[in-house]
Amino acid sequence: MIGRISRTAAALLVFAVSVFPVYWMVLTAFKPTKDIQSATPTFLPASVTFDHFGTAIAAKGFFSFWRNSLLVAGGAVLFALLVALLAAFAIARLHWKGRRAFVLMVFVAQMTPWEALLIPIYVIARDTGMLDTLWMLTLVYFMITLPFTIVTLRGFLAAIPVDLEEAAQVDGCSRGQAFRRVVFPLLAPGLLATSLFGFITAWNEFAFANVLIIKDQDDRTLPVWLSSFNNTFGTDWGATMAASTLFMLPVLLIFVVLQGRVTTGIVGGAVKG
């Protein structure tokens, strides 16, 4: 009994520590400016205002930067899913020389801190004339999300019995048809899980977007744009927090809607491989 209470208390503590920054962000977005600048913090709103959201939406380029984030994050995830699905199938279903070495390289790539490659990637982008382009940013996000996508889809494919494909082939399907008609529908939870986490990674990324987009400010993404809320007295914290809340909503809504399938995909991709 004491052990269960201790675990519950520890879980609640971790939950509170994790959720508090998000709560403070949303709370600040609805606070009037005078309450935000008050020396005494308030953890419950004395009054509520929507002015900060109006300021954020009316800011120059808000919808353009939203579009840029959607394009680079969505494009990176789609490319990663396509390439990772082929690679995961080759690893999980085919036997070829060097397969173990390839898997090891994928795991090493997944563990690599991508910030360490910031300068080399900047030099490559500069020398190839791809600085200040959304294509370069999409390519970088594709490289960042690809290893995780391969590892997860590999585990999920390994959890699907090969007998299902063989039975479909006995019934007259080619190998490609068996994969498309039998295996691919069963991969839906895994595809949703990997695409969501890949999208979150690309959607929230700041360092590469800040370094690779320098001159053409119209190609900035939302994380970089969020740092631009300034007024005569400094940073406009109310508008910044309102914009951050709006920035968080798409991923939060997608996760809430797809929560069951995403959880299934994570578990399916983790138990085998």
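The values are calculated or read from the model by the stated rules, or taken from the named source; none is laboratory data. Please read all numbers here as calculations on a predicted model, not as lab measurements. Here the Cβ is made from the backbone with ideal geometry for all residues, glycine too, and neighbour counts use every protein chain on show. Side chains included, ligands, DNA and RNA excluded: accessible areas come from the protein's heavy atoms. Shrake-Rupley method; radii C 1.70, N 1.55, O 1.52, S 1.80 Å.
Take the residues in the range 35-52 that are modelled with pLDDT of 85 or more and outside any loop (DSSP other than H, G, I, E, B); name whichever of them is farthest from the chain's Cα centre (by Cα).
Restricting attention to the range 35-52, the residues satisfying the condition of being modelled with pLDDT of 85 or more are 48-52.
Keeping just the survivors that are outside any loop (DSSP other than H, G, I, E, B) gives 51-52.
Working: ASP51: 29, HIS52: 26 Å.
Here the residue is ASP51.
Please state which of the following conditions ARG261 fails to meet, knowing it meets all the rest: (1) surrounded by 15 or more Cβ atoms within 10 Å (Cβ to Cβ); (2) at pLDDT 80 or above.
Only one criterion in (1) surrounded by 15 or more Cβ atoms within 10 Å (Cβ to Cβ); (2) at pLDDT 80 or above is unmet by ARG261, namely (2).
Could you list, in sequence order, all residues of the range 123-170 that are among the polar types (S, T, N, Q) and in contact with an Asp or Glu (Cβ under 8 Å, 6 or more places away or on another chain)? Give the steps one after another, and end with the answer.
Taking the range 123-170 as the starting set, the residues that turn out to be among the polar types (S, T, N, Q) are 128, 133, 138, 145, 149, 152, 169.
The answer is THR133, and nothing else.
Pull up the range 86-103, narrow it to residues that are in a helix (DSSP H, G or I) and more than 24 Å from GLU166 (Cα to Cα), then point me to the one that is most open to solvent (accessible area, probe 1.4 Å).
ARG100
Could you figure out which of (1) closer than 22 Å to ASP132 by Cα; (2) open to solvent by 30 Å² or more (accessible area, probe 1.4 Å); (3) modelled with pLDDT of 85 or more isn't true of PHE65?
Every listed condition holds for PHE65 apart from (2).
Could you list, in sequence order, all residues of the range 12-34 that are over 25 Å from the mean Cα position of the chain (by Cα), outside any loop (DSSP other than H, G, I, E, B) and not charged (D, E, K, R)?
Of the residues in the range 12-34, the ones over 25 Å from the mean Cα position of the chain (by Cα) are 12-13, 30-34.
Restricting the remaining residues to those that are outside any loop (DSSP other than H, G, I, E, B) gives 12-13, 30, 33-34.
Within the range 12-34, LEU12, LEU13, PHE30, THR33 qualify.
So which of VAL77, VAL72, VAL83 is in contact (Cβ under 8 Å) with a residue 12 or more places away in the chain, over 15 Å from LEU226 (Cβ atoms) and either touching a Gly at 6+ places or on another chain (Cβ under 6 Å) or not in a helix (DSSP H, G or I) (or both)?
Numbers: VAL72 fails: either touching a Gly at 6+ places or on another chain (Cβ under 6 Å) or not in a helix (DSSP H, G or I) (or both); VAL83 fails: either touching a Gly at 6+ places or on another chain (Cβ under 6 Å) or not in a helix (DSSP H, G or I) (or both).
None of the others qualify; the one that does is VAL77.
Only one of GLY61, GLY129 is at positive phi, free of Cβ contacts under 8 Å to residues at least 12 places away in the same chain and not charged (D, E, K, R); which? Talk me through it step by step, then tell me what you get.
Working: GLY61 fails: free of Cβ contacts under 8 Å to residues at least 12 places away in the same chain.
Being at positive phi, free of Cβ contacts under 8 Å to residues at least 12 places away in the same chain and not charged (D, E, K, R) holds for just one of GLY61, GLY129, which is GLY129.
Would you tally the residues in the range 131-162 being part of a loop (DSSP other than H, G, I, E, B) and surrounded by 15 or more Cβ atoms within 10 Å (Cβ to Cβ)? Give the steps one after another, and end with the answer.
Narrowing the range 131-162 to residues part of a loop (DSSP other than H, G, I, E, B): 131-133, 159-161.
Cutting the leftovers down to surrounded by 15 or more Cβ atoms within 10 Å (Cβ to Cβ) gives us 131-133, 159-160.
Count: 5.
Taking the conditions exactly as written (among the aromatic types (Phe, Trp, Tyr), open to solvent by 30 Å² or more (accessible area, probe 1.4 Å), more than 30 Å from TRP225 (Cα to Cα) and in contact (Cβ under 8 Å) with a residue 24 or more places away in the chain), does PHE179 satisfy them or not?
On the way: among the aromatic types (Phe, Trp, Tyr): yes; open to solvent by 30 Å² or more (accessible area, probe 1.4 Å): yes; more than 30 Å from TRP225 (Cα to Cα): yes; in contact (Cβ under 8 Å) with a residue 24 or more places away in the chain: yes.
Judged against the criteria, PHE179 is a match.
Scan the range 170-229 residue by residue and report those that are over 13 Å from the mean Cα position of the chain (by Cα), closer than 25 Å to VAL83 by Cβ and acidic (Asp, Glu). Show your work before the answer.
Step one: filter the range 170-229 for residues over 13 Å from the mean Cα position of the chain (by Cα), giving 170-191, 207-222, 224-229.
Right, trim to closer than 25 Å to VAL83 by Cβ and you get 173-191, 207-209, 211-213, 219, 221.
Matches in the range 170-229: ASP219 only.
Might you check whether a residue that is in contact with a helix residue (DSSP H, G or I) (Cβ under 9 Å, 6 or more places away or on another chain), touching a residue at least 60 places away in the same chain (Cβ under 8 Å) and under 25 Å from VAL251 (Cα atoms) occurs anywhere in the range 159-174?
Looking through the range 159-174, none of the residues is in contact with a helix residue (DSSP H, G or I) (Cβ under 9 Å, 6 or more places away or on another chain), touching a residue at least 60 places away in the same chain (Cβ under 8 Å) and under 25 Å from VAL251 (Cα atoms).
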